Amino acid sequence: MNNEVEEVKKWIEKIDKAEKHYENYYQAVRDIREYYKDARSDSRLRGKYNIFWSTVETLKPFLYFKQPHPYVERNQKSGNKTEALACKILEKALEWNLQQFDFDSVIKYARNDFLISGMGIVWEQYKPTFKTLPHPEIAGACLEFKDSEKVETVYVNPEHFLADCDKVGIWEDVSWVAKKLFMSKQEVICLLY
């Protein structure tokens, strides 16, 4: 139990340090978003044009325009029909996966953040669903089994992203990443128990 408490304290320190490290960036993101919106009401600015907004809008379709169509091919092309069939199966599986949620909107949000704040983040999230059935041999006992599972790509606001900031010079040096989740106490209890 004591080791668990120490581990929790260590992680709280790491998270606090990362939040302090990223605070200036979070403020810059908020400021840049306000500048991008250009909600100025000053009459002296009539006839002035927000070139930042114009540049971002021009670059958007160059980075991401529409949902991709999966294409899978073999490294070494041979006449093997089994390998060709496997590629087709993978393509169809990827197409099906992209249709299971709004992939296009998620990527567009990340693209917009990348152009505006320099960091566009998507997160792969595993979501299993479980069923509980009564145990066939033990009275009063239940069996829980996985009913289905899926992986979703979700958008992460740059202000809710944290990463290791200890001795990190390049991205490959990062040993952990996290995203902030805003949950009620009841939601946390349901998630953990």
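No value in this document is a laboratory result; all are computed from the given coordinates. Worth saying up front: this structure is predicted, and the values here are computed from it rather than measured. Glycine also receives a Cβ, built like all others from the backbone with ideal geometry; neighbour counts cover every protein chain displayed.
Shown is the FRET efficiency for Leu133 and Gln186, computed with R0 = 35 Å from the Cβ-Cβ distance and rounded to the nearest 0.05: 0.85. With each label modelled as a point 7 angstrom along the Cα→C-beta vector, the Leu59-Val174 pair spans 1.9 nm. Assuming charge only on the beta carbon of Lys and Arg (+1) and of Asp and Glu (-1), the dipole of the range 42-169 about its Cα centre is about 640 debye to the nearest 20.
Normalising the average separation of contacting C-alpha pairs (under 8 angstrom, six or more residues apart) by the number of residues puts the relative contact order of the range 27-122 at 34 percent. Using R0 = 35 Å, the C-beta based FRET efficiency linking Lys17 and Asp102 works out to 0.50. Here the range 85-193 is described by how far its Cα atoms reach on the three principal axes: 58, 45, 26 Å, from widest to narrowest. For the range 145-193, the C-alpha radius of gyration sits at 1.58 times the compact-globule guess of 2.2 N^0.38 Å, with N the residue count. Cα-based radius of gyration for the chain, normalised by 2.2 N^0.38 Å, reads 1.45.
Computed over the alpha carbons of the range 80-141, Rg followed by Dmax gives 20.5, 60 Å.
If you bin all the Cα-Cα distances of the range 59-116 at 5 Å, starting from zero, the percentages per bin are 4, 17, 20, 15, 14, 12, 10, 6, 2, 0.
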